[in-house]
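**Q** Starting off with a structure, shown below.
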Amino acid sequence: MYAVVRTGGKQYRVAPGDILEVEKLTGEVGESVVLDDVLMVSSDDGVMIGQPRVEGASVTARITGQHRGEKILVFRYRPKKRVRVRRGHRQYLTRLQIHKISGEGFEFVEEAEEAAVVEVVAAVEDGVDAEDGTETAEPESVTDDEADAAFAMLKETVAKAGLVVDETVSAADKAVEETVSEAGDVLDDAAEEAGNVVEDAVEKAGDVVEDTIAKAGDVVDDTVEEAGNVVDDTIAKAGDVVEDAVEKVGDVVDDTIAKAGDVLDDTVEMAGDVVEDTVAKAGEVLDDVADSLKSIPFVGRGRKSGDDADEDEADTDDKKEE
């Protein structure tokens, strides 16, 4: 006999006497809870499948512990974004012991309780004490009413003893769980504090590095600026020197050109005077030569007539005039 129930968004296969852990349910240790979200019930008579739930079916369980599960790590990572988030989580859980599965026309109870009642009844009938197991003398005469009253009293005593045992076990479980939970919380707090210390140290180290880089950058900027100023001053001075040199060279060139022009003018003037003197002297020489030629007599075959001689003399005078 088993059933399928749904709680905390999950489905569980349960049978009377099973112990399971589910998502946290409201209630104290020792209290009973009823799970009425039954999806299927299987028995010797057949299988009942709900649509979605089996009508009238329920599962009764007893809370035997409230605790937290094992710690899991949740890590969130985003590539190329420098996002690294690491967190821990411990889920709250409730431990249940299935007592019975009931519904319309059927009820299945935990076999351990039925066996305990049958054992007590057998012990009473056999004259055995249920507490210490020692044999007792069978009463001489016991009426049915007295036997029923004794059996009822014995059953009540066994039930109370069972409740005391369950409460003791539950209290012990609760104490152990609380101790473990507190220890886990202490460890979690210590780990969190250690993580915070590490994060603070890393952050401070990053700040120091950033400050150092910023100062180094400022020093480099100042050095580059000073070097640039020195270079600018040097270039300015070099430019002034070049301008002065160019100006002086220009002045020298102008003076040289002026002097060369004066020399050239003097040379041209002197050359003109020499040419004029030369031409004058050449004219005088030609006149002397012409006069000399006129005084030379021509005889023989080469003698010209008087008219030809006059024409030659006239041409010579014309050339001289020209």
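**Q** Please find, among Thr223, Thr256, the residue that is among the β-branched types (Val, Ile, Thr), over 35 Å from the mean Cα position of the chain (by Cα) and assigned to a helix (DSSP H, G or I).
**A** Answer to the selection: Thr256.
**Q** Further question: Suppose the filter is part of a helix (DSSP H, G or I) and modelled with pLDDT under 80; does Thr316 pass it?
**A** Numbers: part of a helix (DSSP H, G or I): yes; modelled with pLDDT under 80: yes.
When the stated conditions are applied, Thr316 passes them.
**Q** On the basis of being modelled with pLDDT under 75, in contact with a Pro (Cβ under 9 Å, 6 or more places away or on another chain), at negative phi and of a type in the set (Asp, Glu), does Glu177 make the cut?
**A** no
**Q** Please verify whether Gly250 is within 30 Å of Arg87 (Cβ to Cβ) and either basic (Lys, Arg) or free of Cβ contacts under 8 Å to residues at least 40 places away in the same chain (or both), treating the condition exactly as stated.
**A** Judged against the criteria, Gly250 is not a match.
**Q** Test Val29 against the criterion of being over 30 Å from Ala175 (Cβ atoms) and of a type in the set (A, V, I, L, M, F, W, C), and give yes or no.
**A** So Val29 does not fit the description; no.
**Q** Moving on. Quick one: what pairs do we get from the stretch 63-86, first residue over 30 Å from Lys174 (Cβ atoms), second surrounded by fewer than 12 Cβ atoms within 10 Å (Cβ to Cβ) and of a type in the set (Phe, Trp, Tyr), C-beta under 8 Å, 6+ apart or different chains?
**A** Close Cβ pairs satisfying both conditions: Val83/Tyr77; Arg84/Phe75; Arg84/Tyr77; Val85/Phe75; Val85/Tyr77; Arg86/Phe75.
**Q** Among the strands (runs of 3 or more DSSP E) lying completely within the stretch 1-119, list those that include at least 1 residues that are surrounded by 13 or more Cβ atoms within 10 Å (Cβ to Cβ).
**A** 2-7, 10-14, 19-23, 32-35, 38-43, 46-49, 58-68, 83-89, 92-103, 106-109
The values are calculated or read from the model by the stated rules, or taken from the named source; none is laboratory data. Keep in mind that what you see is a predicted model, and the values were worked out from it rather than measured. Cβ sites come from the backbone with ideal geometry, for glycine too, and all protein chains shown count toward neighbours.
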